[in-house]
Amino acid sequence: IHPETVYVFFFLFFLKSCSAFLILTHSFPVNCNVLPSKSSVAFRMNAAVRAVVRMGIYVGAKVYFVHEGYQGMVDGGDNIKEATWESVSSMLQMGGTVIGSARCKDFRMHEGRLKAAHNLVQRGITNLCVIGGDGSLTGANLFRKEWSDLLAELVQQGLIDEEASQKYSALHIVGMVGSIDNDFCGTDMTIGTDSALHRIIEVVDAIMTTAQSHQRTFVLEVMGRHCGYLALVSALACGADWVLIPEMPPEDGWEEKMCQKLSATRSRGSRLNIIIVAEGATDRHGKAITSSIVKDLVVQRLGFDTRVTILGHVQRGGTPSAFDRILASRMGVEAVLALLETTANTPACVVSLCGNQSVRLPLMECVQMTQQVQKAMDEKRFEEAVRLRGRCICYILFVTCSVSNFNVAVLNVGAPAAGMNAAVRSAVRVGISEGHKMFAVSDGFEGFYKGQIKEIKWADVGGWTGQGGSLLGTKRTLPAKHIDKIAEQMRKYNINALLVIGGFEAFLGIMELLAARGTFEELCVPMVMVPATVSNNVPGSDLSIGADTALNAITFTCDRIKQSASGTKHRVFIIETMGGYCGYLASVGGLAAGADAAYIFEEPFDIRELQSNVEHLTEKMKTSIQRGLVLRNENSNENYTTDFIYQLYSEEGKGVFDCRKNVLGHMQQGGAPSPFDRNFGTKIAAKAMQWISKKLNESYRKGRVFANTEDSACLLGMRRRALVFQPVVQLRDETDFVHRIPKEQWWLKLRPLMKILAKYKTSYDISDSGQLEHVVLNGPKESEAMAAI
């Protein structure tokens, strides 16, 4: 880490025997011999602080804040104060850190760490949780290594007795990774990264309108001194023309190649160019490539009207995204569970995200791997740096396969979902780059049988990533009644493969096409479905394109609704969400927004539970809590409607709180897609196209494509840690077709977490709690390139 880079972290100290927690924030550089000249901090830690405090209280611990970071730990006194349940209320929507952070020269010295150890022992604190980058985690591990020597020195000085030294002889550490750069090896996403991407994309979307109007080229500089994740993913999410990142410097002659690319884009009719530059970008010889250098290059060689925008600390501020709130909450609870399981021989670990699952990894393995990345970059071993980064970086490669001249059709089916257009764009461009002729089908299966099919070219999908809805058009019509006409259109256009992007209707449609293969040979082609629905109710996938955008819409709307009651009397809001019979939006949205309850179909409820929830809120309202939030899935119960629940709460809460209700409706389906949905749609569609290319190559025999095996009709979904292709026939037994939901849903295990954080007494399933694993290198393979810009 550069000596000027400073990371923020929180500490949680947990002592099982004395039941004491301690939380603090601070900045700590890797190089203890260099004092940073400035503080450059990313604060989106409040959700993690809230989760750790409330989970700590839930397991019977006392929790303390240490204000002003390490300085507070060194100084002690009033800097260390007990935290209560109410002290972390209304924190989820807040950026920054409520307990402050400060640089501390004292803690870098042995004497400072000795004082800190003394203050901890006085309060019986021997366990800590660190949220930060590798510098923060390395500093905490150093403190852990010195702990025994520090206690011995305190005994020698007479500051503590031998009994205290024996009682508090071990210091345990669990880390959580917080860094907007996503530069830590061992985790797919760090806390704060998604929110930073939101800030970047908001700016880029705004800039693109003025660039379009004035036919300008914009060079945007984003943070990432040593890691290009923000630059790369924002480039994918906005459809940039060029991106420059530290891990993969451009080859010599890049200037001419970039200018040719920009010129070619303009010649196809585009009125703008977007170039994303990471602040640490260099060429192969280590010479810095700054945004101003890129601007001067474009102006001198092409004469384009060019502007530079440096986003700076805008990326570090603002309201946390739904993804970051959920990630931080899950990691905070997992950190407490990890501390509960520590022994004297347990190594320091870090709680990480792998796919959709939390895992525990040895802290120093991750730190050392992260430091090896920088070493490889310094030694100009860039391919090695990419490999060490692992799968958090998805590099942009153009993949040329042996297949060519195949016709591939892409269509959207079901309700529109934000991110569909990004998926279509990715599929079209990857398909074209692999030699296929791509066809767009308008209005789903209805447009298919009506012949609304046309070839779609590279330039036709320009600017699609940031567009909401479905530009191809989408309908819920199923193909069964029109199979003969669909087969006729496939024969007419010689369609060799199908990519279907959509929700539950798309899943049903693929199954109906598969069933008709025995009658129509035209349907014996590779078919793959990519899940895209705000309801997230497609079997075979933990996540669907569009669900993250809907979650953000719900979360930010709930923030505003709760804020409307600020300064008024006690008030409870009843919010109805979409989702059909699937309670994903209500449950996960409730976790992100800090809801007190979420009623869903998957967990039946009765009048007794409703009454219990009213009584629970009544008790909370008698404290300093002024606002309550209750979410209800639209089809959770046919009798206990939103109106019924609103009237019940209004009547039973008389004299304590009043009620308001809101039906969010189709605003959950609208708006520009979130960075996550743009990125997820781009990657999953690219992977689907590569699967299609592989299947076409395998099934091409005697001048034609013929594929009628089960594995030639698949759904591509996120399953725990990986994207997996699953034959749709194998998903039949996993599906509740009556209610259009999977029989088992991973997010149901998050519901007890929401209840615990809302102060309910409930059980928490720890069967999925991570066991300590080891860092595994999953470097990007050329055959698994994720996207092409």
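The values are calculated or read from the model by the stated rules, or taken from the named source; none is laboratory data. Fair warning: this is a prediction, and the values are worked out from it, not measured in the lab. Note that we place each Cβ from the backbone using ideal geometry, even for glycine, and neighbour counts take in every protein chain shown. The area values use the complete protein model at the heavy-atom level, side chains included, leaving out ligands, DNA and RNA. Shrake-Rupley method; radii C 1.70, N 1.55, O 1.52, S 1.80 Å.
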Can A418 be described as in contact with a strand residue (DSSP E or B) (Cβ under 9 Å, 6 or more places away or on another chain), of a type outside the set (S, T, Y), closer than 20 Å to L513 by Cβ and at pLDDT 95 or above? no
Scanning for something crowded, with 17+ Cβ neighbours inside 10 Å, among the small types (G, A, S) and either closer than 21 Å to E744 by Cβ or in contact (Cβ under 8 Å) with a residue 24 or more places away in the chain (or both), does segment 633-654 turn up at least one residue? yes
If you go through H172, H118, H110, the only one that is in contact (Cβ under 8 Å) with a residue 40 or more places away in the chain and farther than 30 Å from L772 by Cβ is H118
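Take segment 320-347 and flag every residue that is outside any helix (DSSP H, G or I) and either surrounded by fewer than 19 Cβ atoms within 10 Å (Cβ to Cβ) or among the small types (G, A, S) (or both).
S321, E341, T343, A344, N345, T346, P347
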In segment 190-211, what residues are in contact (Cβ under 8 Å) with a residue 24 or more places away in the chain, assigned to a helix (DSSP H, G or I) and of a type outside the set (A, V, I, L, M)? T193, D194, S195, H198, R199, D205
Scanning for something surrounded by 19 or more Cβ atoms within 10 Å (Cβ to Cβ), closer than 25 Å to G703 by Cβ and polar (S, T, N, Q), does segment 482-494 turn up at least one residue? yes
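Yes/no matrix, rows are residues, columns are (1) modelled with pLDDT of 90 or more; (2) assigned to a helix (DSSP H, G or I); (3) open to solvent by 70 Å² or more (accessible area, probe 1.4 Å):
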| position | (1), (2), (3) |
| --- | --- |
| V738 | yes, no, yes |
| K749 | yes, yes, yes |
| L753 | yes, yes, no |
| T762 | no, no, no |
| N778 | no, no, yes |
| S783 | no, yes, yes |
Collect the residues in segment 598-614 that are open to solvent by 10 Å² or more (accessible area, probe 1.4 Å) and either touching a residue at least 24 places away in the same chain (Cβ under 8 Å) or farther than 23 Å from S89 by Cβ (or both), keeping them in residue-number order. F601, E602, E603, P604, F605, D606, I607, R608, E609, Q611
Identify, by number, the condition in (1) under 17 Å from Q315 (Cβ atoms); (2) in contact with a Leu (Cβ under 6 Å, 6 or more places away or on another chain) that R225 doesn't meet. (2)
For R660, only one of the following conditions fails: (1) of a type in the set (K, R); (2) at pLDDT below 90; (3) outside any helix (DSSP H, G or I). What is its number? (2)
Could you look through segment 708-734, keep only residues that are within 26 Å of the chain's Cα centre (by Cα) and of a type in the set (G, A, S), and pick out the one that is most open to solvent (accessible area, probe 1.4 Å)? A722
Given segment 86-179, what helices (runs of 4 or more DSSP H) lie entirely inside it while holding 3 or more residues that are within 27 Å of V359 (Cβ to Cβ) and open to solvent by less than 10 Å² (accessible area, probe 1.4 Å)? 134-156
Any chance you could count how many residues in segment 454-490 are under 30 Å from M208 (Cα atoms) and hydrophobic (A, V, I, L, M, F, W, C)? 7
Between residues in segment 443-455 that are in a strand (DSSP E or B) and residues that are surrounded by 20 or more Cβ atoms within 10 Å (Cβ to Cβ) and among the polar types (S, T, N, Q), which pairs lie under 7 Å by C-beta distance while being six or more apart or on different chains? I453/Q489
Lone qualifier among V243, V233, V277 - being surrounded by 21 or more Cβ atoms within 10 Å (Cβ to Cβ) and part of a helix (DSSP H, G or I): V233
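Working only within segment 244-273, note down all residues that are touching a Leu at 6+ places or on another chain (Cβ under 7 Å) and of a type outside the set (D, E).
Passing the criteria: I245, P250, C259, L262, S263, N273.
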Give all pairs with beta carbons closer than 8 Å in which a residue from segment 73-91 that is of a type in the set (K, R) meets a residue that is open to solvent by less than 40 Å² (accessible area, probe 1.4 Å); count only pairs at least 6 apart in sequence or on separate chains. K81/F65
If a residue must be of a type in the set (G, A, S) and touching a residue at least 12 places away in the same chain (Cβ under 8 Å), how many such residues does segment 518-536 contain? 2
Can you pull out every residue in segment 675-706 that is crowded, with 18+ Cβ neighbours inside 10 Å and farther than 19 Å from G717 by Cβ? P675, S693, L696, S699, V705
Output for segment 183-200, where each listed residue is open to solvent by 10 Å² or more (accessible area, probe 1.4 Å) and over 13 Å from Q357 (Cα atoms): D183, H198, R199
Pairs only if they're at least six apart or on different chains, beta carbon under 6 angstrom, first in segment 461-476 and assigned by the TED database to the domain that holds A206, second among the acidic types (D, E); list them, first residue then second. none
Let me confirm something: among A515, A553, which residue is open to solvent by 10 Å² or more (accessible area, probe 1.4 Å) and without any contact (Cβ under 8 Å) to a residue 12 or more places away in the chain? A515
Name the residue that is nearest to N273 (Cα to Cα), counting only residues in segment 292-318 that are polar (S, T, N, Q) and surrounded by 19 or more Cβ atoms within 10 Å (Cβ to Cβ). T306
Might you check whether a residue that is out of contact with any Pro (no Cβ under 9 Å at 6 or more places or on another chain), open to solvent by 10 Å² or more (accessible area, probe 1.4 Å) and within 30 Å of L648 (Cβ to Cβ) occurs anywhere in segment 518-540? yes
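Yes/no matrix, rows are residues, columns are (1) among the basic types (K, R); (2) within 33 Å of the chain's Cα centre (by Cα); (3) open to solvent by 10 Å² or more (accessible area, probe 1.4 Å):
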{"position": "N421", "(1), (2), (3)": "no, yes, no"}
{"position": "V428", "(1), (2), (3)": "no, yes, no"}
{"position": "G431", "(1), (2), (3)": "no, yes, no"}
{"position": "G435", "(1), (2), (3)": "no, yes, yes"}
{"position": "A440", "(1), (2), (3)": "no, yes, no"}
{"position": "D443", "(1), (2), (3)": "no, yes, yes"}
{"position": "K450", "(1), (2), (3)": "yes, no, yes"}
{"position": "E455", "(1), (2), (3)": "no, no, yes"}
{"position": "V461", "(1), (2), (3)": "no, yes, no"}
